[in-house]
Amino acid sequence: MREKIKPCQCGSKNIRYSRPTTRRGNKTYWLLCCEVCGMNTGLVDTKQKAKNVWNYRPREKAVLEDVKNIAKEYREYEEQAGKTGKHSWQVVKDIEEEIEQMKEE
C-alpha cells in the first residue's frame, strides 16, 4: 500500500510536487509545496524522499500559528473574491490600493 501525502499544517490538501528548473551536477531535485501557504520540503533527490520529509516533518507551534494565519487570510480573500466576482489577487490589489490612499490622506 502506498503512503498518501498528509495535508499541510494550515489544513490545505492542495499539495503538489514541484521540480525546479535548476540542476546541480546534472541532477534533478524535487520538493513538495503547499499551494495555499507556500510551506515546502526544500530540495531533495527523489519524489519518495520529498514525500517522507513532508509527512514526517516536525510541527512547531509557532510555525503552525503563522501558517494558519496565512491560510485564514487566503480564505478570506477567496471568500471576498467569490462575493465580488474577482480573482483573489485582484481583491488583494484593491485592498493595497485602499491602504495607499489612506496613507496619502
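For the reader, a short list of remarks on this structure follows.
- FRET efficiency estimate (nearest 0.05) - Cβ-Cβ, residue 65 to residue 4, R0 30 angstrom: 0.75
- Proximal lysines to residue 47, defined as alpha-carbon separation beneath 21 angstrom and excluding residues fewer than eight positions away on the same chain: 4, 6, 13, 27
Computed from the coordinates by the stated procedures, all read-outs in this text should not be read as laboratory data. Keep in mind that what you see is a predicted model, and the values were worked out from it rather than measured. No Cβ is skipped: glycine too gets one built from the backbone with ideal geometry, and neighbour counts run over all protein chains shown.
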